[in-house]
Amino acid sequence: MAPLRIGLLGTGPWARNTQAPALAAHPGVELSGVWGRRAEAADALAAAHVTRAYTGDAGIDELLETSDAVAFALPPDIQAPLAVRAAEAGCHLLMDKPVATTVDGARAVAEAAAKAEVASVVFCTLRFAPETAAWIAEQAAVDGWFTARAQWLGSLYAEGSASEYADSPWRREKGGLWDVGPHALSVLIPVLGDVEHLTAARGPADTTHLILRHTSGASSTVTLGLSAPPAAAGMDIELRGAGGVAEIPVWDGAEAAFRGAVDALAAAVRTGVPHACDARFGLRLTELLAEAEAAR
C-alpha cells in the first residue's frame, strides 16, 4: 500500500520531541509537510525531517491539498477549528487531547468528521502505548469491577521546574484537569463504562479531585494536577473488583505511544471502522471536563 501522507500542524516542543520524529520514522507514513505559525520554526522542523515547510493561512490549504491526513500539535482551541477545516478538505484527523476546551468546539469537530466521513483518532497516550493499551483491553474484558483510583500528578509548575512545556499558555490557564484529565478518563471509561454522574473539588494549586459513578455501577476517584512537588509527582491507576486488584503497567515513552496512534488512524482509514478513541470520544471527554470545571 502507498504510504499515508500525513502533514503536521504545529512546531512546538510536542511536535519537535514526539510527533515529527515518530511520523518521519514510521514505515507506513510520508511526512508531507510541517506547518507553523512562525516561519522560522516551520523551516527548522521541516529541514530536520527532510520535508517541506508551510506557514500562513494559505499554507494550511496547501498542506491539506498534499496530505491524506493531518496531525495536530497545537493548543486545543486552535486545533478545533483547523480540524474542522481539515475534515472539510477530506483529510483524516490525528488530534491531540483535549480536542477543544469548549463543548461547542469539540462538537463541531465531531460533526465535521462524521459529515466528511473521515477517520479520526484523539491521542490519549495510555490508549495507544503498547503496554497500557493491552492492559486496558484486558481489564475491559473482565466483569465485576467495584471501584478504581486514578492519580496523575505532574510537577510542571512546581518551584524550580525548567520544563519547556510549562511555557504553554493554555496549559497554565486550564491546569491538570484539562491536560492530564483526558488520559485518566480514557482509561477508566473503556473499563468501567461511561460516566453518569460526577462531582469535583479543588485541591492545592491547580489540583482537581473527581468522584465518578460509571454506567457499570462501579465508582472511581481521580486526582489530577501539574503543580505537585517533584518528589510527589507520578501516575498510577488501580482497579479493584471481584477478581482482585489490577494496576496499570509502566509504559515506555510518548513516541512509541504516538506511533500506536498513527497505526490506529491508518487502520481506521483502511477498514472504515472507527476507532473507539475518535472525535466522538473526544467530544465526550470535553463534555465531562467542562462539567467538572463548572462543578469545582
Give the angle, between 0 and 90 degrees and rounded to the nearest 10, that separates the Cα long axis of helix 181-192 from the longest principal axis of the Cα atoms of the chain.
60
What do you get for the angle between helix 130-140 and the principal long axis of the chain? Use alpha-carbon atoms, 0 to 90 degrees, nearest ten.
50
Let's see if you can work this out: charge +1 on each Lys and Arg Cβ, -1 on each Asp and Glu Cβ, no other charges. What is the dipole magnitude of segment 1-153 about its Cα centre, in debye to the nearest 20?
320
Under 5 Å, built H, 5+ apart or other chain: amide partners of THR101:
ASP77
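Which of the three applies to segment 15-101, rounded, prolate or oblate, going by the alpha-carbon gyration tensor with a ≥ b ≥ c and a/c under 1.5 meaning rounded?
Values: a/c = 1.33, a/b = 1.28, b/c = 1.04.
Taking the square roots of the gyration eigenvalues as a ≥ b ≥ c, segment 15-101 is rounded.
For the chain, what does -39500 (n - 2.57) per DSSP helix run (n ≥ 4), summed and divided by total residues, give at 222 nm, in deg cm²/dmol to the nearest 500? Can you show the working numbers first?
Working: 11 runs with 126 residues, N = 296.
For the chain, the value works out to -13000 deg cm²/dmol.
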Mind checking which of VAL121, VAL195, VAL70 has the largest fluctuation in a GNM of the chain, springs on alpha carbons under 10 Å?
VAL195
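Excluding MET1 itself, calculate the net charge of residues whose Cβ lies under 15 Å from the Cβ of MET1, where each Lys or Arg counts +1 and each Asp or Glu counts -1.
Details: positive: ARG5, ARG270; negative: GLU30, ASP68, ASP263.
Around MET1, the surrounding residues sum to -1.
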Quick check: the angle from helix 169-179's long axis to the longest principal axis of the chain, C-alpha only, nearest 10 degrees?
40
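Under 8 Å for C-alpha pairs, at least 6 residues apart: give me the relative contact order for segment 168-296, rounded to a whole percent.
Once normalised by length, the contact order is 24 percent.
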To the nearest 20 debye, what is the magnitude of the charge dipole of segment 130-250 about its Cα centre, counting +1 on the Cβ of each Lys and Arg and -1 on the Cβ of each Asp and Glu?
320
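Heavy atoms only, probe 1.4 Å: what % of the accessible area of segment 130-250 goes to carbon and sulfur, would you let me know? Each step should come with its number before you reach the end.
Numbers: 3060 of 5640 Å².
Of the solvent-accessible surface of segment 130-250, carbon and sulfur hold 54 percent.
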Where in segment 1-95 are there trypsin sites (Lys or Arg not before Pro) that are in a DSSP coil and have at most 16 other Cβ atoms within 10 angstrom of their Cβ?
ARG37, ARG38
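What number comes out for accessible area per residue over segment 130-250 if the probe is 1.4 Å? Units Å², please. Write out the running numbers ahead of the final one.
Working: 5640 Å² over 121 residues.
Counting only protein heavy atoms, the per-residue value for segment 130-250 is 47 Å².
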Mean-square fluctuation maximum in Gaussian network of the chain, Cα pairs under 10 Å, restricted to PRO130, PRO27, PRO229, hits PRO27
Under the Karplus relation with 6.51, -1.76 and 1.60 and θ = phi - 60°, whole-Hz ³J(HN,Hα) for segment 213-230, x at Gly and Pro, equal 10, 9, 5, 6, x, 6, 10, 8, 10, 9, 10, 9, x, 10, 10, 6, x, x
Expected max-MSF residue from ALA87, ALA141, ALA73 in the GNM of the chain (alpha carbon, under 10 Å) is ALA141
Segment 143-200 versus segment 77-93: alpha-carbon centroid distance in Å:
25
Along the charge dipole of segment 135-256, Cβ charges K/R +1 and D/E -1, which of THR207, GLY154, SER186 sits furthest on the positive end?
THR207
So how far, in whole Å, is the C-alpha centre of segment 1-58 from the one of segment 203-248?
35
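Rounded, prolate or oblate: pick one for segment 54-179, where a ≥ b ≥ c are the square roots of the eigenvalues of its C-alpha gyration tensor, a/c under 1.5 means rounded, and failing that, prolate if a/b is larger than b/c, else oblate. Walk me through the numbers on the way to the answer.
Working: a/c = 2.15, a/b = 1.28, b/c = 1.68.
Oblate, because a/c is 1.5 or more while a/b does not exceed b/c.
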Any idea which of LEU239, SER219, PRO249 is furthest toward the positive side of the dipole for segment 210-296, if Lys and Arg beta-carbons carry +1 and Asp and Glu beta-carbons -1?
SER219
Could you tell me which of PRO81, LEU4, ALA137 has its Cα farthest along the dipole of the chain towards the positive end, charges placed at Cβ (Lys, Arg +1; Asp, Glu -1), taken about the Cα centre?
ALA137
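The values are calculated or read from the model by the stated rules, or taken from the named source; none is laboratory data. Keep in mind the model is a prediction, meaning the values are calculated, not measured. Note that each Cβ is placed from the backbone with ideal geometry, even for glycine, and that neighbours are counted across all protein chains shown. All accessible areas refer to the heavy atoms of the entire protein, side chains included, with ligands and DNA or RNA removed. Shrake-Rupley method; radii C 1.70, N 1.55, O 1.52, S 1.80 Å.
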